[in-house]
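Asker: Before we start, here is the structure in question, set down as structure tokens.
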Amino acid sequence: MKLLLFALAGLMAQLVDGALGMAFGVTATTMLILSGTAPAQASAAVHFAEVGTTLFSGVAHWRLNNVHWPTVVFLGIPGAVGAFFGATVLAGLSAESAEPVVSALLLMLGAYVLVRSILVPWKKREQATDAPASSSRRSRLGLVALGLGGGFLDASGGGGWGPVTTSTLMSVGRSEPRKIIGTVNTAEFLVAVAASAGFIIGLERVHESWQPVLGLLIGGLVAAPIAAWIVTVVKPDILGTVVGAVLVALNGVRVSASLGWVGVALAVTVVALCLVAVVRGLRMRRAARGAEEPGQDVGQDAGQDAGQAPDDETGQVVIAVERPGGP
């Protein structure tokens, strides 16, 4: 019975992670801890399962042209280094003290992604290398730092690779959400392999995690191609809004639980600001659509004033030209 529950948890977690680029580790680790698994054992089981799910998800995204390989290299390799050290730290220490700060940061990033998707539509850019060389160099250094931090937090906290990397890359807005999500999912394979190696070295009785690993792996493999297909059919603005909303919801709960009334006040404030931004964004888009329609009518009237007259019988436009020599 537990194997079936783990499989359902893996299916739902991978469906969300593959489509939105986040929350597999957070969802799966939460389910395992609720079932009585120790935090280190839960994180180890999740990362063992992610070796298979991220490989399958990466292949699916690659076949659908959702992967930018240079970003995978500069993000995934440092992420693997950070994940290895994070796993060894979690094997002997707790990461609870860092959770309030990380959750608050992710809450802010999620709000930024949501507001940006509503107020400023995503620009479709198939290439992430359109910037000048100096900006590209800074971008690579930023990816290295992002990978190190995201990998460490993911392994030491049981999840967080997707929320940290996806929200940060989306806040920059240099590529389509589907490209960012596919790239992050592919780079996560390197993170999962390195974290698993760290847990094998530093964790005792790691063999006891085989049942949740098998359940998460089965559910994740079933959901991976479905999630990759969802990314290709959902509009970028909608996808970015959903990603931001999920980040706000997940981390708002974590901030409230870890910081008490201060966290509740922070979460309520951020949610209220997001709702204001959503209402304002919808009004702006409605006003923009209303302004486009009169502009089209004015253009048609101007064309008729310039010497064009519609033919009553055929409905076609006839251009009247006056010859200088008279009739």
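Asker: Restricting attention to the stretch 235-257, and to residues there that are surrounded by fewer than 19 Cβ atoms within 10 Å (Cβ to Cβ) and at pLDDT 70 or above, which single residue is nearest to the chain's Cα centre (by Cα)?
Answerer: The qualifying residue nearest to the chain's Cα centre (by Cα) is V242.
Asker: A further question follows. Which residues, counting only those in the stretch 157-173, are within 19 Å of V72 (Cβ to Cβ), at pLDDT below 80 and buried (at least 24 other Cβ atoms within 10 Å of the Cβ)?
Answerer: G160, G162, P163, V164, T166, S167, M170
Asker: Now a separate question. Can you tell which of Q296, Q308, Q300, Q304 is at pLDDT below 75 and within 38 Å of the chain's Cα centre (by Cα)? Break it down stepwise before answering.
Answerer: Working: Q308 fails: within 38 Å of the chain's Cα centre (by Cα); Q300 fails: within 38 Å of the chain's Cα centre (by Cα); Q304 fails: within 38 Å of the chain's Cα centre (by Cα).
Of the residues listed, the single one that is at pLDDT below 75 and within 38 Å of the chain's Cα centre (by Cα) is Q296.
Asker: Looking at (1) in a helix (DSSP H, G or I); (2) closer than 24 Å to A257 by Cα; (3) at pLDDT below 60, which is the one condition that is false for S135?
Answerer: (2)
Asker: Considering only residues that are closer than 20 Å to V164 by Cβ, of a type in the set (A, V, I, L, M) and outside any helix (DSSP H, G or I), look in the stretch 1-41 and name the one that is modelled with the lowest pLDDT.
Answerer: Taking the candidates together, the pick is M22.
Asker: Return the residues of the stretch 174-196 that are at pLDDT 90 or above and part of a loop (DSSP other than H, G, I, E, B); say none if nothing qualifies.
Answerer: none
Asker: Tell me whether the stretch 282-293 contains one or more residues that are among the hydrophobic types (A, V, I, L, M, F, W, C), at pLDDT 80 or above, part of a helix (DSSP H, G or I) and loosely packed, with under 10 Cβ neighbours inside 10 Å.
Answerer: Taking the stretch 282-293 first, the residues among the hydrophobic types (A, V, I, L, M, F, W, C) are 282, 284, 287-288, 291.
In the following step, the residues that additionally are at pLDDT 80 or above were identified as none.
No, there is no match, as no residue in the stretch 282-293 is among the hydrophobic types (A, V, I, L, M, F, W, C), at pLDDT 80 or above, part of a helix (DSSP H, G or I) and loosely packed, with under 10 Cβ neighbours inside 10 Å.
Asker: Among what's in the stretch 66-112 and is at pLDDT 70 or above, closer than 30 Å to L275 by Cβ and hydrophobic (A, V, I, L, M, F, W, C), pick the residue that is farthest from the chain's Cα centre (by Cα).
Answerer: So the first thing to find is which residues in the stretch 66-112 are at pLDDT 70 or above, and the list is 66-92, 100, 104, 107-108, 110-112.
After this cut, where a residue has to be closer than 30 Å to L275 by Cβ as well, the list is 100, 104, 107-108, 110-112.
If we keep only those that are hydrophobic (A, V, I, L, M, F, W, C) as well, we get 104, 107-108, 111.
Details: A104: 17, L107: 14, M108: 14, A111: 13 Å.
Only one residue fits best here, namely A104.
Asker: Okay, moving on. Starting from residues that are out of contact with any Phe, Trp or Tyr (no Cβ under 9 Å at 6 or more places or on another chain) and assigned to a helix (DSSP H, G or I), keep the ones in the stretch 202-227 and report whichever is surrounded by the most Cβ atoms within 10 Å (Cβ to Cβ).
Answerer: The initial filter retains those residues of the stretch 202-227 that are out of contact with any Phe, Trp or Tyr (no Cβ under 9 Å at 6 or more places or on another chain), namely 202-205, 207-208, 222-223, 226-227.
Subset that is assigned to a helix (DSSP H, G or I): 202, 207-208, 222-223, 226-227.
Values: G202: 17, H207: 8, E208: 14, V222: 16, A223: 24, I226: 14, A227: 22.
Among those that are out of contact with any Phe, Trp or Tyr (no Cβ under 9 Å at 6 or more places or on another chain) and assigned to a helix (DSSP H, G or I), it is A223.
Asker: Quick one: how many residues across the stretch 42-65 are touching a residue at least 60 places away in the same chain (Cβ under 8 Å), over 14 Å from G162 (Cβ atoms) and either surrounded by 24 or more Cβ atoms within 10 Å (Cβ to Cβ) or of a type in the set (A, V, I, L, M) (or both)?
Answerer: Adding up the residues that qualify gives 9.
Asker: Please go through the stretch 140-159 and pick out each residue that is in contact with a Leu (Cβ under 6 Å, 6 or more places away or on another chain) and within 17 Å of F24 (Cα to Cα).
Answerer: Quick first cut of the stretch 140-159, residues in contact with a Leu (Cβ under 6 Å, 6 or more places away or on another chain) only: 143, 147, 156.
Once the filter is applied, which keeps residues that are in contact with a Leu (Cβ under 6 Å, 6 or more places away or on another chain) and within 17 Å of F24 (Cα to Cα), the stretch 140-159 yields only S156.
The values are calculated or read from the model by the stated rules, or taken from the named source; none is laboratory data. Just so we're clear, the structure is a prediction, and the values are computed from it rather than from any experiment. Glycine also receives a Cβ, built like all others from the backbone with ideal geometry; neighbour counts cover every protein chain displayed.
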